[in-house]
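The structure appears right after this line, and notes come after that.
The values are calculated or read from the model by the stated rules, or taken from the named source; none is laboratory data. This one's a predicted model, so the numbers in the text were calculated from it and none came from an experiment. A quick note on method: Cβ atoms are made from the backbone with ideal geometry, for glycine too, and the neighbour counts reach across all protein chains shown. These area figures cover heavy atoms from the full protein model, side chains too; ligands, DNA and RNA do not enter into them. Shrake-Rupley method; radii C 1.70, N 1.55, O 1.52, S 1.80 Å.
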Amino acid sequence: MTEIRTAGALFLPPEIESAIRSAINPAERILCVSHVSPDGDAIGSLLGMGWILRHLGKKPTLALADKPSADFNFIPGFDQIVAPSAVADSYDLIICLDASSQDRMGNVYRPEVHGQTPLLVIDHHITNTNFGTLNWVEPGCAAVCQMLVYLADAMGAPLNGSLAVALLTGLITDTLGLRTSNTDAHVLQAAMRLTDGGAILHEIVARTILSRSFAGMRLWGLILSEAKLQDRVIWATISRDQRKAAGAQDGEGEGLAGFLVSAKEADIGATFTERVNKAGEAVVECSFRAKPGFDVSQVALSFGGGGHPPAAGCTLTGPLAEVAAQVSAALQEARRSQLAARKEPTMNSVVHG
Ligand code: 5GP
Ligand code: MN
């Protein structure tokens, strides 16, 4: 297994480039996959990788375990994404994008039939478990779509047309419109190059982060009136009955944890959403957000999930109220210990006063 973690690389480091080339060049049948409950970076990086591979003369299969939201159908190639039933048993190479662990690929990846196939993991989650045979993990990048800008450069794929639209979509959605704390000059440079290549920033913003359904708004209305705040942790539960009452489908009303953490009185925000998984079991999807200076990725990891310091999540089984009580207590505890760790004198605080 090869692990390559780079410190904020702004290009594809040569050793990664040659490893990726050696993996891609001989491969005829390539499967690309991203994570369950796909977001803009999952869909954008999947489609973007598809366009890079087509530039190299390949005909990849692009698959997702969950049906992607039609909100993203403006990205060229969206209609070619297939469901797990269309995924074959045999490939020369599997490329996994924006997933921090193997289970995040859902039932697209079947370990019993795909376990021997070379697996190239391209990801930016600090909690990545290096589950590939070749892992390019770059926590310094704000989106996998940012990493693919550097991959496209290395592979000679021009950053325009369909590829630019796909990559700018992931960059915009993962940075909430270039506003997150990891939006640095390199992110802006990548965004600038994609807009220069023809992707229209305001149209992508309007179709993604600024677009909501009425049912989703009604759901937020129901949920917000019952939100709880304790020790600067704010959280809310979303039951199946509430989603039914609001007429909200899966995916509608997403983003509430990010809204909750905008409360002046909070450092950490969380939502707990009751769902039934493919096996028919009741599960609770937990979504966490933290203000800069706080880290929710480790709490997510401790419950078997993952993510980034400011945005992370996990999926647990158990009754909604119990999961919410247990996990919100863990978030309060994590916040307290992060504050305590900050107060301990360090060499730096002595040196810098
Ligand atoms: P969201 O709250 O938007 O669903 O997810 C925020 C971040 O946490 C994303 O980077 C996502 O990949 C990660 N995340 C959310 N849920 C899970 C989960 O169940 N398992 C893992 N490994 N990561 C998750
Ligand atoms: Mn991402």
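Per-structure values
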item: Point-charge dipole on Cβ atoms (K/R +1, D/E -1) for the range 2-207, about Cα centre, debye to 20; result: 280
item: Geometric extent, Cα atoms of the range 86-147 - Rg, Dmax (angstrom); result: 11.7, 34
item: Proximal charge balance of Val165 [Cβ under 15 Å; K/R count +1, D/E count -1]; result: -2
item: Residue (of Thr173, Met217, Gln102) at the positive-pole extreme of the chain, dipole from beta-carbon charges; result: Met217
item: Mean-position separation - Cα centroids, the range 277-320 and the range 172-237, in angstrom; result: 18
item: Whichever lysines have a C-alpha closer than 26 Å to that of Lys343, once near sequence neighbours (fewer than 8 apart) are set aside; result: Lys264, Lys291
item: For the range 110-238, size of Cβ-based charge dipole, Lys and Arg +1, Asp and Glu -1, in debye; result: 440
item: Rounded percent of accessible protein surface that carbon and sulfur make up, the chain, 1.4 Å probe; result: 54
item: For the range 1-138: Kirkwood Rh in Å [reciprocal of mean 1/r, alpha carbons]; result: 15.0
item: Rounded tilt (10° steps) of 161-174 against the dominant C-alpha axis of the chain; result: 20
item: The range 62-88-the range 97-129 distance, computed between alpha-carbon centres (Å); result: 17
item: Reference-scaled alpha-carbon Rg (2.2 N^0.38 Å with N residues) for the chain; result: 0.99
item: Amide H partners (placed H, <5 Å) of Val82, local residues excluded; result: Leu62, Ala63, Leu64
item: The chain: calculated mean residue ellipticity at 222 nm from DSSP helix runs of at least 4, using -39500 (n - 2.57); result: -11500 deg cm²/dmol
item: Cα long-axis angle, helix 40-55 against the chain (0 to 90 degrees, to the nearest 10); result: 0
